[in-house]
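For reference, the structure is listed below as structure tokens.
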Amino acid sequence: MIRESTGEVINKYKYLEGHPRQYRFDAKEGVFNINGTEKLGRTLTFQPITWRIFTDNILNMGTKNWAEIFFIDEKDCVSSVLFHGYSVDNIFRLIEPLYYDDLTLADVVITALAEKKEYTKSQPKGTYYIATFSYKMADIQRSAELKLFSEEVKIFRQETLTDIANIKTAFHFYNPLLQGEALEELPEGVTYSEVRGAVEEVYQIGNGEA
């Protein structure tokens, strides 16, 4: 994007490197939220710009299959959302038909829906949610713009990075650890929860919300 008054190239998307805006899927309650606080409902619609599907031990949750997807939200913030378990299987079911049509997740707009399931092997019975996915074709011009952006920007989430992840598939994902780069360390006494809160405040200020 070019500022007409000066000819300066500027970036219209807001992104603090390594700290995307965090969307979450709450598999217990069956809702999506922003940063664990702002509830959005049972669906989330987005166009992926970067992703990786991988196996790793992250977030103190043990070794699991994960899908980490980055997108631009409605307020032009680079954002990320994580899925694991059966939800990852459902993403693969989405990728397969796209592949045979010479398309990727970057060419479509995805709607994730929280689908209710029941525990049948435990007593008393309980419920949980998995994410199912549907898609429609994205605007070709916007897709080209987003692909160019994700090629030029180092997109990753610092909290989920290791140098031992088993990557099954990825698109424009940048891992500074594999490039010999050191991650910034948190100041003594500062937690990732506090960092997430500060990052979200920055995005809200950028959107005129704070």
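Just so you know, all these numbers are worked out from the coordinates, no wet-lab data involved. Just so you know, these numbers come straight off a predicted model, no measurement behind them. Here the Cβ positions follow ideal geometry from the backbone for every residue, glycine too, while neighbour counts run over all protein chains shown.
So here's what we get for this one:
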| quantity | calculated |
| --- | --- |
| Cleavage-rule hits, chymotrypsin sites (Phe, Trp or Tyr not before Pro), segment 90-170, DSSP coil, Cβ neighbours within 10 Å at most 13 | Tyr119 |
| Neighbourhood net charge (12 Å Cβ-Cβ; Lys/Arg +1, Asp/Glu -1) for Val78 | +3 |
| Counted charge near Ile130, where neighbours are those whose Cβ lies closer than 15 Å (Asp, Glu -1; Lys, Arg +1) | +2 |
| Separation of alpha-carbon centers, segment 76-138 and segment 25-42, rounded to whole Å | 15 Å |
| Of Lys125/Lys168; Lys14/Lys147; Lys116/Lys136; Lys12/Lys147; Lys39/Lys154; Lys14/Lys168, pairs whose Cα-Cα distance is over 26 Å | Lys125/Lys168; Lys39/Lys154; Lys14/Lys168 |
| Evaluated over segment 21-206, the Cα radius of gyration and Dmax, each in Å | 16.9, 52 |
| Estimated vicinal HN-Hα couplings, Hz - segment 59-66 in sequence order (Karplus 6.51, -1.76, 1.60; Gly, Pro = x) | 6, 6, 10, x, 6, 9, 7, 10 |
